[in-house]
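Chemist: So that we are looking at the same thing, I have put the structure below in structure tokens.
We did not get these values from a lab; they are worked out from the coordinates using the rules stated. Just so it is clear, the model here is predicted, and its values are computed rather than measured. In this analysis, Cβ positions are derived from the backbone assuming ideal geometry, glycine residues included, and neighbour counts consider all displayed protein chains.
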């Protein structure tokens, strides 16, 4: 996308055919008549309208998924055949890569280059990886007494409700959908109201790739109605959710109040990024800290939003971070030259501005940013924002902001660093910068986080699991471990 | 050489300075631009397409120019609401202009559509409009602004450049594209500034701006009228 001009991308964006209907049972469904506007955060303009699903439409989608699971071919196919269709989905994602990237950039405001290079690469890789994995799994037969045979088999768990957010619309949808399909489950996917369009395109791609009707259904709607209906539905066996901790609690309650469906949550974070004086490269540590908090407009559950720096190097590292924040090019997400796009909506921008105002009121020092910019465009743009002199007790240091807002805290010794790092209700990710092998291992062990990055941040591939400890959630996306969420273990004990 | 006949549907106009009562008018600069291009500009009466065969009326012409004017009634493009700023709506004008757009394209008559004319073609082909661009700061009224023209398009060929400074006067713009239409030019704010129809067999270009405003001094804008008349002559 780098050799395409901004103007050409604006034109291609205008020529996009945007979906306007649910994708249920292999078909487009117009729904019950209620609709909501999808607003582009880059200019505040309405892109299109999509159906606002009520319980009846969720019922329709769940019934289709139920039929496809109970009596359709999908769970009964040879795993290699399921794999082939997932590989075909990856191919179609590749073929429609530009359309999907433009759609994502328009609906939620991330830079087109990130949408194309990072988001689409992740989605394509995910479907390819699980497609290749489908026929390479084995079950267990424990060593039992000679006159018995024990089989421990994994069976598809059934109908999966997948509810995913707007920050990485296709990546996070793929992280749920691909392993669920590989396992033989059927899926009802509900994307966020802020990013329904790319998910609807994914539903269509699934059908085009050869998924039987009802295997992947996409319904658009809001959390309190459509999300709740999926969470409470007696025919949904598994609920996989990525989003806020508050909504995660709702899904646990819905499960308790309905059929005790398995609920897997990937929730918020307030991830610490610890820089020790013996970091191999302080400039790189600072540049990565800045990249990490401003990438995707800071709208990332793993964003390293707390930079914990040893007091002896705090000024040096903070200066480098602020320098980077000042250089960052904020602007129209459809401009391939920009590095940070628009926040997902005006409402979200206002929430982030509220956090910034709170931080100032609490007495933290604003070193950069803090203001809305490019207001004349009608878009929700925010300057990269850095606070230092942040006290661990401040809301700025405790609450997930989900925006380009970095809090710098200092410490004087390693124990204090670990204590600060773990002083959060979250436990999603953490970063650590040190040259000392022993320190790297000891601190990594002490950090309560699902992922610890040493001398890097936000790295990894499909081979490793991703998810959180504590109130950052349960269960893991990616890797072979994701299949655990979408399968049930069955023991068969045979007396010979 | 005989001047090719260019049909320009007249605008219903409540007042005109030379007349005592309501008028059927066309902009003088528009008519002059067609004249300079070597065409014979002919204002045609907007008759009710339910009662007259518009295609038959167009047979004698060599080309069509759909000019600017008031807003299109929002129901024409499926809207159930109507923004407060929508003005000068006239059902007969809409019905006639929409029919002219359809018939001109069907009859392979060279067609230049300007401002409302672009919106008419878009709606005629099933597209829709943003009813209001969002007030004085965002709309294109009394505005001279740059547009980027897509290389290789008919618009780029006619204008002879990929950037142009154009004169605009509109508060609505294209939302959903009509069937088969592609975008040939765009403004910095993303407004669709020109449309084309790759499947069209005759010359067709639609621009959201008013080339006639600057055509007397800007040859790139006059070229749009020249190309219409040249195509009309060879059709």
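Chemist: Whole Å is fine, so just give me how far the alpha carbon centre of segment B:1-26 lies from that of segment A:361-417.
Modeler: Here the two parts' Cα centres lie 63 Å apart.
Chemist: Assuming R0 = 51 Å, can you tell me the calculated FRET efficiency for the pair residue A:469 and residue A:375, based on Cβ-Cβ distance, to the nearest 0.05?
Modeler: On the way: r = 40 Å, r/R0 = 0.78.
After rounding, the FRET efficiency stands at 0.80.
Chemist: Working from Cα positions, state the angle (0 to 90°, nearest 10) between the long axis of helix A:6-15 and the longest principal axis of chain A.
Modeler: 30
Chemist: Most mobile of B:120, B:72, B:186 per a Gaussian network model of chain B (Cα springs, under 10 Å)?
Modeler: Among B:120, B:72, B:186, the largest GNM mean-square fluctuation belongs to B:186.
Chemist: What shape does segment A:9-68 have by the C-alpha gyration tensor, where a ≥ b ≥ c are the square roots of the eigenvalues, rounded means a/c under 1.5, and otherwise prolate means a/b greater than b/c and oblate the rest? Spell out each step's value before the answer.
Modeler: Numbers: a/c = 3.53, a/b = 2.03, b/c = 1.74.
Note, shape of segment A:9-68 comes out prolate.
Chemist: For peptide B:176-185, compute the average count of partner chain beta-carbon atoms within 10 Å of each residue's beta-carbon.
Modeler: That average works out to 3.
Chemist: Among A:301, B:115, what is the fewest-to-most ranking by other Cβ atoms within 10 Å?
Modeler: Values: A:301 27, B:115 23.
Going from sparsest to densest Cβ surroundings: B:115, A:301.
Chemist: Among B:177, B:65, B:111, whose mean-square fluctuation peaks in a Gaussian network model of chain B (Cα, cutoff 10 Å)?
Modeler: B:177
Chemist: What is the helix-to-structure angle for A:346-362, meaning the angle in degrees between its Cα long axis and the longest Cα principal axis of chain A, kept from 0 to 90 and rounded to the nearest 10?
Modeler: Value to nearest ten degrees: 40.
Chemist: Within 10 Å of each residue's Cβ, count the other Cβ atoms and sort B:76, A:456 from fewest upward. Before the final figure, lay out each step's value.
Modeler: On the way: B:76 20, A:456 14.
Ascending number of Cβ neighbours within 10 Å: A:456, B:76.
Chemist: For a quick check, take a GNM of chain B with Cα springs below 10 Å and name the residue from B:213, B:71, B:91 with the largest mean-square fluctuation.
Modeler: B:91
Chemist: Could you calculate, for the protein assembly as shown, the ratio of the Cα radius of gyration to the Kirkwood radius, expressed as Rg to Rh?
Modeler: Details: Rg = 30.1 Å, Rh = 28.4 Å.
Rg/Rh: 1.06.
Chemist: A follow-up question, please. Modelled label-to-label distance, residue A:291 and residue B:107, 7 Å Cα→beta-carbon offset: nm?
Modeler: Inter-label distance under the simple model: 6.3 nm.
Chemist: Then there is this: To the nearest 0.05, what FRET efficiency results for residue A:27 and residue A:283 with a Förster distance of 41 Å applied to their C-beta separation? It would help to have the intermediate numbers written out before the result.
Modeler: On the way: r = 55 Å, r/R0 = 1.33.
The value I calculate is 0.15.
Chemist: Given only helices, namely DSSP H runs of n ≥ 4 each adding -39500 (n - 2.57), what is the per-residue ellipticity at 222 nm of the protein assembly as shown, to the nearest 500 deg cm²/dmol?
Modeler: Values: 22 runs with 248 residues, N = 731.
Roughly -10500 deg cm²/dmol at 222 nm, from the helical runs in the protein assembly as shown.
Chemist: Under a point spin-label approximation (7 Å from Cα along Cα-to-Cβ), what is the residue B:179-residue A:395 distance to one decimal in nm?
Modeler: In this crude spin-label approximation the distance works out to 5.5 nm.
Chemist: Starting from the Cα of residue A:78, step 7 Å along the direction of its Cβ; do the same at residue B:43; then give the gap between the two resulting points in nm.
Modeler: Label-label distance for residue A:78 and residue B:43, simple model: 7.7 nm.
Chemist: Now for a separate question. Within segment A:87-115, what residues put their amide N at less than 12 Å from the label point 7 Å along the Cα-to-Cβ vector of residue A:351?
Modeler: Flagged as within label range: none.
Chemist: Starting from the Cα gyration tensor of segment A:272-449, take the square roots of the eigenvalues, sort them a ≥ b ≥ c, and report rounded, prolate or oblate (rounded when a/c is under 1.5, otherwise prolate if a/b is larger than b/c, else oblate).
Modeler: On the way: a/c = 1.95, a/b = 1.65, b/c = 1.18.
Prolate, because a/c is 1.5 or more and a/b exceeds b/c.
Chemist: If you restrict to DSSP beta bridges whose two residues both lie in segment A:272-449, what percentage is antiparallel, to the nearest 5?
Modeler: On the way: 5 of 21 bridges.
Here the share of antiparallel DSSP bridges comes out near 25 percent.
Chemist: Sort A:185, B:168 by Cβ crowding within 10 Å, fewest neighbours at the top. The partial results should precede the final answer.
Modeler: Numbers: A:185 29, B:168 22.
Least to most surrounded, the residues fall as B:168, A:185.
Chemist: What is the helix-to-structure angle for A:196-209, meaning the angle in degrees between its Cα long axis and the longest Cα principal axis of chain A, kept from 0 to 90 and rounded to the nearest 10?
Modeler: So the inclination is approximately 40 degrees.
Chemist: With a ≥ b ≥ c the root eigenvalues of the C-alpha gyration tensor of segment B:5-234, is it rounded (a/c under 1.5), prolate (a/b larger than b/c) or oblate? Working shown, then result.
Modeler: Numbers: a/c = 1.23, a/b = 1.02, b/c = 1.20.
Since a/c stays below 1.5, the shape of segment B:5-234 is classed as rounded.
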